[in-house]
Structures are given as structure tokens and as C-alpha cells.
Amino acid sequence: MTTAQKLSFDVQLSDHARTAAEREQVLASPGFGQVFTDHMISIDYTEGEGWHDARLQPYGPLVLDPATSVFHYAQELFEGLKAYRQANGSIVTFRPYANAARFNASCLRMAMPELPEDTFVESLELLTQTDRDWVPTSEGHSLYLRPFIIATQVGLGVNYPSKTYKYMVIASPAASYFAGGVKPVSVWLSTDYTRAAPGGTGAAKCGGNYAAAFVAQREAVAQGCDQVVWLDSHEHRYVEEMGGMNLFFVFGNKLVTPALTGTLLPGITRDSILSMAADLGLEAEEGRISIEEWQAGCESGTLTEVFACGTAAVVTPVGSVKGADRAWTIGDGTPGPVTLKIREELLGIQYGTRPDTHHWIHKIS
Ligand SMILES: *Cc1c(COP(=O)(O)O)cnc(C)c1O
């Protein structure tokens, strides 16, 4: 695109929006990612022309040719963030420019066009403002925002990326992600499967990473565990992530999280916890943890807590670990004080009950 002309959104309001009573019924028990608001965002991209046809329109199905590229070659990626209703009534998001930057980093890896960061954030603002009555008021609930981009070129040629794309945002009211709140999860160490290898797409938030992960998640459940833990692709020894969340290891007063080697997804929650640790009197560093160190640390008592973090489930304690030839408990298996303190602090900033000293809160309305 040669002109730096700002996109303006065409607004088409729904004539079949749900009534207040219908909406309240959903908001009483929203689940996660089950029900969507009345509108959605769509922006199209054409090679040579750039981004065009930005619009807010009624939520509804897409009509796509069966030969559309995304169905065959999975050129697709997404983002995930939340809009929160704060104590004073304002609606905010948390670090949306960090999501915009990660969206573009993922686009580069998947040979897709970048979207200007301001347009990304404006699209979230427009949808959230339009559907603001869908932002839940119940404690701990939020409106989950799901931006994504798909390749829309029709044809089965595999030797080049699509020349056309569609960016969209949909929104869904959300209760807490794991039913049952801060109940610790049990994890399964996956040694038969790999999520990401060096040079692959592990750092991009692409749907293909999830498609390849379901079989391991199903194995974890068959082993009686809640979630899969991914290890490095080479030795299946060093810890990378838990399902769709990053991991932190607590050694007394020190947090250690696996370094971003290129095979991990760079979580914004992870980055926020690294930044706010000092505020809570904790040390924090990026490092490397093997499953042997994890088990030995729990057995000797130096490794006191482990938690997973991500936008959807915030901070979730890990209570026990199982692998093909080993199993152990972390601490006494209950949520530890450091995990709970970090969770409270993060939720406090997001819901406006704690000061936002890092300037992470972005007001929407
Ligand atoms: C989205 C995601 C995360 C968490 O990222 P946040 O920005 O903290 O929500 C971690 N791991 C994977 C694989 C993810 O897709």
C-alpha cells in the first residue's frame, strides 16, 4: 500500500440484535467462547491494493468457496485478549498494542500481510464499543476478543502464499476459562509428540499449532491429567509450555520461566509477570528447566510452586505432574502463596482495583 491513508470503518448495525433479556440470560452463565455478540469486524486485503473494505457488520456466517486456500494450507492465525468492565464502570483492554505487535510478528512468519497496529486496536475499540452491553459485569467475567486472519484466495496452487486475506474480530462474553476457578491442574509430560521445533511456527499464534496439539491433549486426558506439557523437540527434556499457556517455576522468592527460544509462544501474560515481579518483591528470570530439575526441586523442596499463565485462564496453579516413567506432586498440591499473589495483582490491574503503574490499561469507553 503506497498511501498511508487511514482506513475508515463502514458501520452496518444489526437489525436482529438480541434483546436485553436474551443478552442477560447469556451473561448469567456465559461459559467460554460459546456465544458471540451481535456484530463483527471484517477488513479485506488484496495484494497490490492493501487493506480495504473495513467494516463493522452483523455477526454471521461467511460464504467461502471450497477451494479457498485457508481450508487446504492452513494459512491462518489469531490473537486473543479481553475487555474488562472496571469497578468505576469504564471498559478497558490490557496491552492491546502488544497483541497488535504479536499479530504482525505471526503474520510475518506465516507470509501474511501486516495490519497497521492502530487499525488493529481501532477494530477492537469499535466492536467493543458497539457491543458494550455484552461486557459482563460479574466479577472475574470479561468479553473475550478474538482477532484472526485467513487466506482467502481460491485455488489449490501450493507454491505461493495467498494474494488475498480477510481479517476479522469476533467477541464472546466469558466466565473463567477453567470451570472451578483456581483449582490446580494436573499435567502430562508429552514425550511422543512435539509442539514446535527450531525454525518452525512455535512462536506464531497460528491455528496449525493447535491442530497438531489436540492428539497430545487427548493423550493427557487419557492419562488422567488435565493438560499437556510440551518439552523441547530434540531431547524431550526441557520444559516449554503447558497447552496454550506459558509456565513459571517458583523457587522460594524467585520466578523462572522458560526462555523464548523461538519454539515458545511469547505470551503477553508471561511478559507482564516478568515485568511486575519486582513490584511484588520477587526476582524473575528467563532460563531453562529440565524435567529432572523439576522433579528433584519438588522432592528437595527448593521448587515450591509452578503455575501456568495466559489471557484466557490468567494464572492457574499446577498441582501434579505425570510422565511415562515418573509422577510427583508440587508442594502439597494446593495453590501456593506466590501463585495466588501474582494472580490477584494481575486481576487487580485488569479490573481496576490495583494501580496500573506499568500503563498497561487501555481505556475503550
Ligand atoms: C496465546 C498463547 C499463550 C498465552 O499468551 P497470552 O498473550 O499470555 O494470552 C501461550 N501459549 C500459547 C501456545 C498460546 O497460543
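Judged by the gyration tensor of its Cα atoms, with axes a ≥ b ≥ c, the range 53-209 is oblate; a/c meets the 1.5 cut and b/c is at least as large as a/b. Each Lys and Arg Cβ is given +1 and each Asp and Glu Cβ -1; about its Cα centre, the range 211-365 then shows a dipole of about 380 debye. Counting DSSP beta bridges in the range 10-174, what percent are antiparallel, to the nearest 5? Looking only at bridges with both residues in the range 10-174, the antiparallel portion is about 95 percent. Here the Karplus relation 6.51 cos²θ - 1.76 cosθ + 1.60, evaluated at θ = phi - 60°, turns the backbone of the range 56-67 into coupling constants of 9, 9, x, 4, x, x, 9, 10, 10, 4, x, 8 Hz, with x for every Gly and Pro. For the chain, the pair-distance distribution built from all alpha carbon pairs, in bins 20 Å wide starting at 0, is 28, 57, 15, 0 percent. For the options GLN153, GLN223, GLN34, a Gaussian network treatment of the chain with springs between C-alpha atoms closer than 10 Å singles out GLN34 as fluctuating the most. For the range 23-139, carbon and sulfur atoms together expose 49% of the accessible surface, with a 1.4 angstrom probe and every protein chain in place. With the helix formula -39500 (n - 2.57) applied to DSSP H stretches of n ≥ 4, the chain reaches a computed 222 nm mean residue ellipticity of -7500 deg cm²/dmol. Note that the chain presents 44 Å² accessible area per residue, ligands and nucleic acids not counted, probe 1.4 Å. Residues whose amide H falls under 5 Å from that of GLY31, counting only those 5 or more places apart or on a different chain, are ALA175, with hydrogens built in the peptide plane. The accessible surface of the range 171-226, taken with every protein chain in place and a 1.4 Å probe, is 59 percent carbon and sulfur.
In a reduced charge model with +1 at each Lys and Arg Cβ and -1 at each Asp and Glu Cβ, the chain shows a dipole moment near 240 debye about its Cα centre. Each residue, ALA28 and LEU280, gets one label point 7 Å from its Cα in the Cβ direction; the gap between the two is 3.6 nm. Amide H contacts for LEU255 (H built 1.01 Å from N in the peptide plane; partners 5 or more residues away or on another chain; cut-off under 5 Å): GLU283, ALA284, GLU285.
Ranking LYS363, LYS82 from most to least accessible surface, computed with a 1.4 Å probe over the protein chains only, gives LYS363, LYS82. Listed peptides 66-74, 351-359, 228-236, 263-271 appear in the order 263-271, 228-236, 66-74, 351-359 once ranked by packing, highest mean of other Cβ atoms within 10 Å at the front. Its residues counted as N, the range 185-351 yields a C-alpha radius of gyration over 2.2 N^0.38 Å of 0.96.
Here the range 10-174 is treated with +1 on each Lys and Arg Cβ and -1 on each Asp and Glu Cβ, and its dipole about the Cα centre works out to around 480 debye.
The values are calculated or read from the model by the stated rules, or taken from the named source; none is laboratory data. Remember, it's a predicted structure, so these values are computed and weren't measured experimentally. Glycine gets a Cβ as well: all are built from the backbone with ideal geometry, and neighbour counts include every protein chain shown. Only protein heavy atoms, including side chains, enter the accessible area calculation; ligands, DNA and RNA are left aside. Shrake-Rupley method; radii C 1.70, N 1.55, O 1.52, S 1.80 Å.
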